[in-house]
Amino acid sequence: MLLRHRIKFPLLKKTPNTVKQTKPKPIKCNTRQLPLEIQEIICFMVLGEDASSPFVVTAMRVCKTWAAFICERMYRKYQFKNYLQFIGFVLTISLPNPLLPYNLYVQEINFESVNKYGVDTRVRRLIKYCPNITNIKFGQATSVKSDTLQLLGKYCQNVKTLQLGGIQSFPFMLDCNFSGMDSLSNLSLAATPIQYSSLKTIPTSIRHLKLMQMDALYHKDLMQWTQTHRQLTFLSIGRCKHLTQKFAELVAELPRLTDLELYGTEINDTSLLGLFDIPITLNTLSICHTQITDTTLQSLSNGRLVINHLNIINTNNSVTEYGIHSLLKTKKFKTIQ
């Protein structure tokens, strides 16, 4: 018998024409290998300008570092859309054992969207837990009490900007105490019934002051206040019942003043007598919604006051084109509106 008949060869199987597909191995990315600065840049590039985008939740699940980056950006300038969101925000920043220090991220707060509700109790809690607040805006008709505002000087000593509107809880004269806010540089008061006793508690660090519809303040009160706050650089007075005259005396007490804004129909040519004879330079002078005439423009033409930017929009019809052309012949401005 032949040898090839004694050897048993295995049956050869036909190979299929299709190639067997293999699953690709997942690529493992270790974010710890990247510097923190690069991780932060990547995180913000993916997130975009909108911190409320749906991708926020996905990015926070990458790692704890990314979660810290995103929370820091979200809570730094938090925007309340409704009252329920405000309640959840206060509960989050006051957690006893939080995963991240949410309360330390908060720097700017705006209560305008929730002012129509009673917010005083939760605002007190927020102030106590957020020591890094630098900008706080209460808006109009807030229900926050005066003793709550005083907590800012105790717990939030880094506040630089404070905007306060009318207070519902105290429709009569209110004594606010701004002492303790040693970093306060920008203060805006609108329809807030405070007297001179409250005004004198404003720290000497103030640089910008805006008064709107402050009917409880008189000219002598503001004059007395400027004697201890001569470092003021920006002053805005609008529609204040008893602050309508002798602005020249007021400006003379502020040697560092660079911007002056005057609003209200109570202001006329008599209100500005002597103002343009003061030998200083103002970066911006705004006289809007007033009753001035060409007489004021003529005084400005002949005066020693130097103005870079002049704004006289929305004045009455007493200011004519002839008066403006006469002003431009003698005075040069970078911009005029």
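The values are calculated or read from the model by the stated rules, or taken from the named source; none is laboratory data. All values derive from a computational prediction rather than experimental measurement. Heads up, the Cβs are rebuilt from the backbone with ideal geometry, glycines too, and the neighbour counts pull from every protein chain shown.
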ask   = Mind checking which residues of the range 139-198 are β-branched (Val, Ile, Thr), modelled with pLDDT of 75 or more and over 22 Å from His242 (Cα atoms)?
value = Val144, Thr148, Val159, Thr161
request  = Look through the range 249-282, keep the residues that are closer than 24 Å to Ala190 by Cα and polar (S, T, N, Q), and return whichever of them is surrounded by the most Cβ atoms within 10 Å (Cβ to Cβ).
outcome  = Ser271
ask   = For the range 101-119, which residues satisfy the criterion of being surrounded by fewer than 17 Cβ atoms within 10 Å (Cβ to Cβ) and either farther than 20 Å from Lys154 by Cβ or not hydrophobic (A, V, I, L, M, F, W, C) (or both)?
value = Pro101, Glu108, Glu112, Ser113, Lys116, Tyr117, Gly118
ask   = Looking at Asp294, is it under 23 Å from Leu232 (Cα atoms) and acidic (Asp, Glu)?
value = no
query = Going by the structure shown, is Thr148 within 30 Å of Phe234 (Cα to Cα), in contact with a helix residue (DSSP H, G or I) (Cβ under 8 Å, 6 or more places away or on another chain) and not in a loop (DSSP other than H, G, I, E, B)?
reply = yes
key: Odd one out for Arg207, checked against (1) at pLDDT 90 or above; (2) over 17 Å from the mean Cα position of the chain (by Cα)   = (2)
inquiry  = Show the residue pairs meeting these rules: Cβ distance below 7 Å; 6+ apart or different chains; first residue within the range 60-74 and within 16 Å of Pro35 (Cα to Cα); second residue modelled with pLDDT of 75 or more.
reply    = Ala67/Leu100; Ala68/Leu100
